[in-house]
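This report concerns only the one structure given below.
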Amino acid sequence: MAIIVSRFHENITSQLLENARAALRQGGISDTNVDITFVPGAFELPVVAEAAAASERFDAIVALGCVIRGETPHFEYVASEAARGLGNVALAHRIAVGFGVLTTETMEQAQARVSKGAEAVQAALETAAALERLDAASRD
């Protein structure tokens, strides 16, 4: 499992990461099977996810970030490109990509949603299992 974490709004993304790691441990995945990479912000998540997917070292990728609306349209650009880019990685490489990028109006809303780190892990694991089942069925 690769986890890519944005450092922007680190007070939030560090909690997303801790919740993601706890979900992995609950799923029986040890810390030694998890590669964590930090990037400056949510905009940089897709390019590192692309590199992780292209390496073919991982069964799944989880991207964690936080984009909070401000007074300019910057929010829309960053949130949209992060979502589009991560979706493209999933489709191009047929790999599970857990989307744990919060897009909120306020810091308080972000704080209330730090459990999304665990949810992104659960979605990635479930998707990876579904892809594995489909691959196995196509070989039969």
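The values are calculated or read from the model by the stated rules, or taken from the named source; none is laboratory data. Note that the coordinates shown come from a computational prediction; the quantities given were computed from them, not determined experimentally. Reconstructed Cβ throughout: ideal geometry from the backbone, glycine too, with neighbour counts over all protein chains shown.
With respect to Val121, determine if the residue is modelled with pLDDT of 95 or more, among the β-branched types (Val, Ile, Thr), under 20 Å from Arg21 (Cα atoms) and part of a helix (DSSP H, G or I).
Working: modelled with pLDDT of 95 or more: yes; among the β-branched types (Val, Ile, Thr): yes; under 20 Å from Arg21 (Cα atoms): yes; part of a helix (DSSP H, G or I): yes.
For Val121, the condition - modelled with pLDDT of 95 or more, among the β-branched types (Val, Ile, Thr), under 20 Å from Arg21 (Cα atoms) and part of a helix (DSSP H, G or I) - is met.
Determine if region 103-110 includes at least one residue that is under 21 Å from Gly41 (Cα atoms), hydrophobic (A, V, I, L, M, F, W, C), buried (at least 19 other Cβ atoms within 10 Å of the Cβ) and touching a Gly at 6+ places or on another chain (Cβ under 8 Å).
Taking region 103-110 first, the residues under 21 Å from Gly41 (Cα atoms) are 103-110.
Now drop any that are not hydrophobic (A, V, I, L, M, F, W, C), which leaves 107, 110.
Keeping just the survivors that are buried (at least 19 other Cβ atoms within 10 Å of the Cβ) gives 110.
Now drop any that are not touching a Gly at 6+ places or on another chain (Cβ under 8 Å), which leaves none.
No, region 103-110 contains no residue that is under 21 Å from Gly41 (Cα atoms), hydrophobic (A, V, I, L, M, F, W, C), buried (at least 19 other Cβ atoms within 10 Å of the Cβ) and touching a Gly at 6+ places or on another chain (Cβ under 8 Å).
Determine whether region 6-13 contains at least one residue that is of a type in the set (Phe, Trp, Tyr) and surrounded by fewer than 20 Cβ atoms within 10 Å (Cβ to Cβ). Walk me through it before giving the result.
Filtering region 6-13 for residues of a type in the set (Phe, Trp, Tyr) gives 8.
Now drop any that are not surrounded by fewer than 20 Cβ atoms within 10 Å (Cβ to Cβ), which leaves 8.
Yes: one or more hits.
Scan Glu56, Glu44 and give me the residue that is at positive phi and modelled with pLDDT of 95 or more. Give the steps one after another, and end with the answer.
Numbers: Glu44 fails: at positive phi.
Sole residue among the options that is at positive phi and modelled with pLDDT of 95 or more: Glu56.
Starting from region 75-88, take each residue that is within 12 Å of Gly41 (Cβ to Cβ) and touching a residue at least 40 places away in the same chain (Cβ under 8 Å) and list its partners that are in a helix (DSSP H, G or I) and of a type in the set (Phe, Trp, Tyr), counting only C-beta distances under 9 angstrom and pairs at least six apart or across chains.
Ala82/Phe43
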